[in-house]
Structures are given as C-alpha cells and as structure tokens.
1. I'd like to verify a number: residues in the stretch A:101-113 that are within 28 Å of the chain's Cα centre (by Cα) and either open to solvent by 30 Å² or more (accessible area, probe 1.4 Å) or under 20 Å from A:Pro174 (Cβ atoms) (or both), how many?
2. Among (1) in a helix (DSSP H, G or I); (2) facing another protein chain (nearest Cβ under 9 Å); (3) in contact with a helix residue (DSSP H, G or I) (Cβ under 7 Å, 6 or more places away or on another chain); (4) crowded, with 20+ Cβ neighbours inside 10 Å, where does A:Gly352 come up short?
3. Could you list, in sequence order, the residues of the stretch A:40-99 that are charged (D, E, K, R) and closer than 18 Å to A:Leu137 by Cα?
4. If we keep just the residues of the stretch B:225-245 that are at pLDDT 95 or above and under 23 Å from the mean Cα position of the chain (by Cα), which is farthest from the other protein chains (Cβ to nearest Cβ)?
5. Whether any residue in the stretch B:8-27 is of a type in the set (Ser, Thr, Tyr) and within 25 Å of the chain's Cα centre (by Cα) is what I want to check.
6. For A:Ser26, indicate whether it is polar (S, T, N, Q) and without any contact (Cβ under 8 Å) to a residue 40 or more places away in the chain.
7. As an exercise: evaluate A:Leu173 against (1) more than 24 Å from A:Ser126 (Cα to Cα); (2) assigned to a helix (DSSP H, G or I); (3) in contact (Cβ under 8 Å) with a residue 24 or more places away in the chain and give the number of the one condition it does not meet.
Number of protein chains: 2
Amino acid sequence: MNVSEYMQTLGQQARQAARHIAAASSGVKNQALLEIAKALDETRDYLIAENSKDLIAGKEKGLDDAMVDRLALTHAGIDGMIEGLRQVAALPDPCGETTDLKYMPSGIQVGKMRVPLGVIGIIYESRPNVTIDAASLCLKSGNATILRGGSEAIHSNQAVAKCIEVGLAKVGLPAATVQVVKTTDRAAVGELITMPDYVDVIVPRGGKSLIERISRDASVTVIKHLDGICHVYLDDEADLDKAYDIAINAKTHRYGVCNAMETLLVHQGIAAQILPRLAQGYGEKGVELRGCAQTQNIIQCKSATEEDWATEYLAPILSIKVVADIDEAMTHIAHFSSAHSESIVTQNYSTGRRFITEVDSSSVMINASTRFADGFEYGLGAEIGISTDKIHARGPVGLEGLTSQKWIVLGDGHIRQ
Amino acid sequence: MNVSEYMQTLGQQARQAARHIAAASSGVKNQALLEIAKALDETRDYLIAENSKDLIAGKEKGLDDAMVDRLALTHAGIDGMIEGLRQVAALPDPCGETTDLKYMPSGIQVGKMRVPLGVIGIIYESRPNVTIDAASLCLKSGNATILRGGSEAIHSNQAVAKCIEVGLAKVGLPAATVQVVKTTDRAAVGELITMPDYVDVIVPRGGKSLIERISRDASVTVIKHLDGICHVYLDDEADLDKAYDIAINAKTHRYGVCNAMETLLVHQGIAAQILPRLAQGYGEKGVELRGCAQTQNIIQCKSATEEDWATEYLAPILSIKVVADIDEAMTHIAHFSSAHSESIVTQNYSTGRRFITEVDSSSVMINASTRFADGFEYGLGAEIGISTDKIHARGPVGLEGLTSQKWIVLGDGHIRQ
C-alpha cells in the first residue's frame, strides 16, 4: 500500500469511527480516558524503552540538545500524561449542550446543540506527550482523530498509540477513533491536509515554518497561530507600579512562549518616569532592550529597526517604542501585531474602554499581563492550541473549539404556513 | 489599471475601512442603513431606468425568462429593499456583546466580546436586491464588504451602489465600507477569493456550479451551502396526521428552495398505512413519486435509482424509501444527506432523542417541517445564507455568523505567578 492509499484508508476508517464516538456517552468517553491512563501507567517500562530508541536515533542523526530534551519521555513525563488524561476526563462534556432554546411565533422551539466536528487531524513535532494531549481533547469532544507526529518520535508515539488502543478496546470504542500514523514518509502530511472528505479540521503544532506550509497547502480549515507578537501599552494615566509589574512580568515570566510581550509601547507623557525604572528591572533579568529614537533619548539601549517591530523574539529581547497617544499605540498594534494578545495599562476608564473595543486581537486585556492568554488561565481546563485567526475558534482553543453547533427544532406537527 | 491591481486596491481600501466600521457605534450604523433606504426611495426612477438597461441587454443576450424575471427591479422590489434595510436597522447590534465574564482563580475576569470579522466578500448572481441585503447585514455586523454581482446586473448594481455611497457619506463612514465591483471581468472573482490579506470570508450566493468553483479555488474561508438534500423520516410510532401534514408541507410548500424535502423515509411498520394516503395527497399537488421496491409494492410510482437518493430536485419530484428502522433511516441520511435539514416524525421520546442527537445536519427537527430551516423562522431577523459546513457558521447564518468573538481580560495590575 502506498502512502496515499494508506492515508485514504485511515481517513475512511476515521470517518466511520466518527459516527460512533459522536454518539458515545460522556461516561464511556471518560472511562476510555481513564483506561488509557491506566494503560500508560502499566506500560511505563515499554514506553521508556521505545522512547530510548528514538533518543539514540536522534543523537545519531545529530539532533541538538534542545530537540533531544523535548523528545525524552521520563517517568515525570508519563505522570504528566496520566494527570492530563484524568483532568480531561473530569471536564464537563461539551457535546449535547443545548442553549438558547426558545419558542418562535410559529410555535416551534428553536435552539442550538453542541456537537463534534467529526475528524480532526493533528500534525506535530517531537514531543510525544502531544499524542496524549491532543487525542484526549479530541476524544472528549466526540471527534475521531488522526495524529501525525514527527518521524524522530516514531517509536515513542507508536508505543503511546498502543496504550490508546488498549483503552479504547476496554470500553468498546472503535480502534479508529484515534489513529496514530505509522509511516514516517513526509508525503503522509500532504495527504492528511488534502482529504476534505475524511478530515474536517487540521490542528498543526510546531514551528512557524511547519505551520505556514500546512496553512498554504491545506484544503480544509486549519486552526493555528503563527506568531505571538504581543504588545503592552503603558498609557499616560497608568498606575506606575502596575505598569512596572505588568511590563516586567509579560516579558520575563517566560521567554520562549507565544504570549510573552515582544514590544512595549509607552505614552510619551510617562516615558521619562517609567523607562529608567524598567530599564533597571530588565537589566537585572538580562533582557536586551532595543528602542526607538525617543526611547534612546531616555535610556541607553540598542536602536530598534523596522524589523524589530515585526519580530517574535521568543528570547530575552524587548523592543520599546514611545508613542504620542493611544491612537498611535493602536495603529502600531494594528500594523505589527500578530493578533495574539495585547494589554493596556491605564486607570482611565474611557481609554481602557476604547482599547478593549477597538484592538482586534484574539485576547485584549486591561491591567493584566499578556502571560494570562492561556487555556488554563481562562478556565478552559485544557487547550489544544491558540488561534490567531478569527474564523471558528479564536484565542485559546479548548474543548468548545473542537465542536460545532447544530440547530435543533422541536415541533409537535408544525408546518410552514 | 488591470483587474488584479483594481481588486487589490479595493481590498486595501476595504481593510482600512474595516477599522472604521468596526469602531462605529450602533447608532451610526443604523443611521447609515436608514440613509441608504432614503436614498433608494429618492432615486426610484433612476434605479428603474438603470435596471431597464440590464433587462434590455439581458433579452438581447438571450437570457431565459426566469433569469430576466430575477433581474427585474420593480417598485415593489425597491419597497422590499427599503423594508429590509429598516428591519436590519431595528435588529440588535451583535458587536460588543460581552458574555461569560467570570472571575478566575488568579483574580482576572475573563469573558468574550463579539466583534466583526473584518472584510467580507460577497459573490452573487443576477438579483440586484442581494446588493442591499448583503451590504446591510455586513454593515450592521461592523464589517467592510466587497460585493461582486453578476455582469448581467451591472447597471442595476452600480445604481444601488450609488445609493449606498450617499447613505455612508451622510453619516461620515468611509465610502470603502461597502464597495461594489465596477468591472464585469470574470477575473475579478478569482482575485477576490485569493486575497487573504484583504478579505476574511467569502459568501457566495448562486447556483451550485458557481459555489463549487469558488470553494475549490478560494484561499479564504467560504460560508456556503451546495445542496439541500433534506429528509423526513416517518417513524412507526409517528402520529399519522402529523406525519401526513409534515410530509406534504416539507415537499409542496415551495419546490425551488433548499429546505424542501427531497427524500421521504418511511418505517416499514407504517408504510402500508401512510403511503397510499400520501400518494393521493402528492398526486393532487402534481408531485412525481419515485420509490424503492417496497414502496412500489404499496403504491404505484416510478422506480427510484441510486442517483435519486443523491439528487436535489428543486422540483415537484420526491423519492421515497421504506426502511426497517431508525438505524437504517439514519444510515441513509448519513450517506445521502447534504447535511442541511432532516426531520423525524415520532411520538416516541427515546426515538426522537436519538435522532436529534445522532443526525449530523445543520438543522435536526422533531415533528416539524424542514421548511422551517430559515433565518427568519429561527428568529435571526435576517440571513445571509445557509451553511452546510460545520466550521464557524452552521445552518441559517444571520448577523452572528458574520462576527467572531475575542477574549477580554480585565485585571487590576495582575501578573502571572
């Protein structure tokens, strides 16, 4: 069987399994998640042995230390997967939730019922725990899943897949509910993203170049974010202590994350007051500053170029721009933001109201660190990713983002007049 | 300027205008709608004169009577557009609606705010009133719009466009908020659907071949429905009078509409009772019946082929299949339905509950005619179309389907711990 045939077969099987899992009760789905957790717990030695094959192969192939690190599956990592499964099992089932059921003038009742999307394709890189994270969210939301992990994690992912199979079998769900692609042939990705008959949504997780390629070539909807170029704007009516805390936290709490601030915008009216204090704070944390001309008049730092405003550093580097007012701040954001998360620090009610209404990003905040843009912090319980698109799902995507709503109509013999 | 440059320019202008219209108050948007209505009312003679140019050209080009009919703009048609604008003005503004605002354990408040999508591209065929229908819904939902009507309606659409311009100018909104493409070059459509930087969503309205072509070639999300192959399933525990009324109404209330029933599924337990009565009812209305072998054993009718189950007749033709039980009915629906609307007629609670949960269509009904699947009947006030996709918008799409939700976070100096 060639790759194309193989992927088509997975797709057909997933489409069939999708009807079963969509109709499965919350109890059965939860039990499946707990059985998978049990299977992982009982196969620790096997999982670690299979993972070590990947680690050895990775080192031979010359993967860098960071890559090998992400690839490694430890007992703590297995604990994390088990805990994640239990948490997802404990979340409320999004499916079947019926809202807005109202009587219409014709006498029918009309409402919306939340339902699974169908088949979700997940494409990801080296971390084997993504197999469990993604599979558990898709299963809980009543979807069938096809997972395509990185070739460097093939043994680990297949070992995890066996645990999933055991769990599904225990509760009588079809094995095709969760399928982990067995081939490392790259053509499998190209097939997966161009099977609209069998796959309803693609969720890619990985580096920007992978996601760009998938978005360009996919013929089905892709839930994705490319960049997190997040801004914090310190208004002239900001509380300076809050401004300091938020500006430091948004940049330095963690560097390699998409919701970290990359550009700080400072109103000219408070720049001379706040920037020296911030420069000292950032200096203590080892953050490199790159400022506009006005910033450089106030603090010593490198010069920021046009490119800096458009860069997601994912590193201890921050660009700083002094702006005339909120309009300049919002225009800068509209131009350079990746529409991930932006925050304003202000005590002025009207300014805050304008910012939160007019800024067009997936998360818009007042007086809070951009680091809060996260499914757990938003109370979603778990997230499959963060969407910077506006279609279907936006911002942190939890179980609800993996579902759709159908209309339901309850009549009692009603006909159109 | 070539077509590509022209469309790029429209796109750039729309993107800029989108920021303005997104920030416009409900009052300004409503006033714009009413000013457009006024401009239409005051330019009736001009509108009808321009329309007659299209009618003459259409007849010369040999358009059939039905096409010419759809193209004609009468005083009653203008009244309809004016009334439509007033109705949309009277609808609640979806933008800014903030829901689910809750305190999180960290102390931040997190909620969702409904916001415009940005720029919407509308592609449609001959009816000039679509220009107003679509523009009014997009404007009310805070989006900029690029409308591309059929070449056969170019004079009518440009005349309507002038009224829109007048209305927008009266309230100080940018002219680029609503742009009606001035060229009849077919390449304009190809450009419009492949400008993801400038267009966020495409809504095509027209025949199946147009919509299929657009869906295949578009690089942005398309909100669409291709077919309405709707089913009514008469369960063996149906109330026979309700079953009769619904089966007759779903087929014969109107034939050329997407929510008309195309296939009737009848439980074998009641087929002998209900089919002769239905055959008489359909016979009186002049509906041609095409049945499966079992149906043909009970009533006289043509034989239904495999193709019949997959056909949207949009005509007084109905295919009928006798099924063993609800499982066979739902399997038939899963295979042949276009996921538009399906209805079950039953008095059995458990059977109804299963049908409404398991059938995966944009509208699923109990004891009601499929003809209710409509934005007005569902209380949306107006609809831009019906989506048979699951992503973003499903079923009748009103103002809400033209919007997205962003997350908002209200803190008071909160940082991640």
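1. Here the count works out to 1.
2. (3)
3. Matches in the stretch A:40-99: A:Asp79, A:Glu83, A:Arg86, A:Asp93, A:Glu97.
4. Filtering first and then ranking leaves B:Ile229.
5. yes
6. So A:Ser26 fails the test.
7. Against the list (1) more than 24 Å from A:Ser126 (Cα to Cα); (2) assigned to a helix (DSSP H, G or I); (3) in contact (Cβ under 8 Å) with a residue 24 or more places away in the chain, A:Leu173 comes up short only on (2).
Quick grid of which residues meet (1) closer than 24 Å to A:Gln179 by Cα; (2) assigned by TED's automatic domain parsing to the domain that holds A:Val199; (3) free of Cβ contacts under 8 Å to residues at least 60 places away in the same chain:
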position: A:Arg70; (1), (2), (3): yes, yes, yes
position: A:Ala76; (1), (2), (3): no, yes, yes
position: A:Ile82; (1), (2), (3): yes, yes, yes
position: A:Leu85; (1), (2), (3): yes, yes, yes
position: A:Pro105; (1), (2), (3): no, yes, yes
position: A:Gly118; (1), (2), (3): yes, yes, no
position: A:Arg127; (1), (2), (3): yes, yes, yes
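The values are calculated or read from the model by the stated rules, or taken from the named source; none is laboratory data. Note that the structure is a prediction, hence the values are computed from the model and not measured. Cβ coordinates were reconstructed from backbone atoms using ideal geometry, including for glycine residues, and neighbour counts include every protein chain displayed. These accessible areas exclude ligands, DNA and RNA; they are computed on the full protein's heavy atoms, side chains included. Shrake-Rupley method; radii C 1.70, N 1.55, O 1.52, S 1.80 Å.
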